[in-house]
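Read-outs: derived from the displayed coordinates by stated rules, not from any lab. Keep in mind the model is a prediction, meaning the values are calculated, not measured. Cβ placement follows ideal geometry from the backbone for every residue including glycine, while neighbour counts extend to all protein chains displayed.
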Ligand SMILES: *Cc1c(COP(=O)(O)O)cnc(C)c1O
């Protein structure tokens, strides 16, 4: 089976991990600091805080921005559940903003409309989690303008988008979002097995994130109330153990040295799909001119006019050794969110998109022969020629 995603691990990655295992620090030592610095420098941002997953990064980002009980957080329904759960974990309420049917990212027109309504009823969101779906940056400038006008904070969930660019600058540059979050899960662009990072330009936010990942503990004398002995630390708020290990960070730094190569390879794969699937009754991923996607995913839509269903294409591809996936089941249709009152039909663009979408194999290690097999399988499924 050709999977939809897969990590690329080489001998340098393995050697980097082995070196840490032979060193003095297994967790939160020099490798974490080094990995953070590499990512911060690449993004052109002041601060980077590595944690054990993007889910954790989203959670402490909400907390650091002051999200709590009684607050409201909005996100895109077309995302992984963590984009919404982060707010629920802080005791806040969640609502969604429907997607743009072209980019599948949060629609800024819809966001504006919903903000006007919320202002009228006096319940504006405290924060909006904007997702760079499939690696294509969302309309970040549009969201940032609305954030100024309506006074909310912006968390960019760039779990798909490390190595992508928006208006010529790297995702995570800090110009559009208060905090940007990356994921290093094995299906993502680079991996630390499990891992994530939050980047920002605000020193006090970064300090807060660092504290929340370490049980709310500080060793900064300026922040301590009474401690003065050299061994003393103070817990000044409630936090978690969300630390990334040095073993993982060493893998992350080694992977990071190939980030641009990985993204370039993904973009080549996308360009070939664009060319060789263009005659099939599929909607291929539209790219906005502001965005340079990292192509975490290559989602295609099976239109009803094609005479085939999404499930039919899914099964037929699997029968031919290709394992596509589906991104995403709209978050508001998950049982947990239905119990909070969300219904089918609440976010129709996300729901229609979901019914038609399939994510084709897309990863840096997908070689030309295997991609040719995927393309030939699709042509066969739609009854065309087998020629790529
Ligand atoms: C993968 C993903 C996450 C969660 O990442 P983890 O590192 O697995 O916690 C969050 N948001 C989006 C959009 C993702 O794709």
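Structural remarks
- Considering only the chain, percent of DSSP beta bridges that pair antiparallel, nearest 5: 60
- Residues residue 14 and residue 217, FRET efficiency given R0 of 41 Å [Cβ-Cβ distance, rounded to 0.05]: 0.80
- Its residue count N sets the reference 2.2 N^0.38 Å, and the alpha-carbon radius of gyration of the chain equals 1.02 times that reference.
- Antiparallel DSSP beta bridges within region 47-150, percent to nearest 5: 10
- Spacing of the two label points (7 Å from each Cα toward its C-beta) at residue 334 and residue 120, in nm: 3.1
- Cα gyration tensor, region 48-170 - rounded (a/c under 1.5), prolate or oblate: oblate
- For region 231-283, projected area of the alpha-carbon convex hull averaged over all directions, nm²: 8.0
- Antiparallel DSSP beta bridges within region 129-248, percent to nearest 5: 60
- Ranked by how many other beta carbons lie within 10 Å on average, peptides 105-111, 52-58 from highest: 52-58, 105-111
- Averaging the Cα positions of each part gives two centres, and for region 239-289 and region 315-388 these lie 17 Å apart.
- Prolate/oblate/rounded call for region 323-375, Cα gyration tensor, a/c under 1.5 rounded: prolate
- Each part reduced to its alpha carbon centroid, region 21-59 and region 61-85 end up 23 Å apart.
- Förster-model FRET efficiency, 25 Å R0, residue 343 and residue 309, C-beta, rounded to 0.05: 0.60
- Cα gyration tensor category, rounded, prolate or oblate, for region 123-226 with a/c compared to 1.5: oblate
- Averaging 1/r across all pairs of distinct Cα atoms in region 278-358 and inverting the result yields a Kirkwood radius of 14.4 Å.
- Highest-MSF residue in the chain out of 150, 80, 182 [GNM, Cα springs under 10 Å]: 150
- Debye-sum result for region 159-276 in log10 I(q)/I(0), which assumes one identical scatterer on each alpha carbon, at q = 0.09 Å⁻¹: -0.36
- Efficiency of FRET from Cβ geometry, residue 228 and residue 320, R₀ 51 Å, rounded to 0.05: 0.15
- Helical contribution to [θ] at 222 nm, DSSP H n ≥ 4, -39,500 (n - 2.57), averaged over the chain, rounded to 500: -11500 deg cm²/dmol
- Approximate shape of region 1-107 as ellipsoid semi-axes (Cα gyration tensor, √5λ), whole Å, largest first: 32, 21, 14
- Annotation: extensible slack from residue 46 through residue 21 equals 6.1 nm (criterion: 0.36 nm per residue apart, minus Cα-Cα distance).
- Simple label model, 7 Å out from Cα along Cβ direction - residue 275 to residue 240, nm: 4.4
- The orientation-averaged shadow of the Cα convex hull for region 172-232, equal to a quarter of the hull surface, comes to 5.8 nm².
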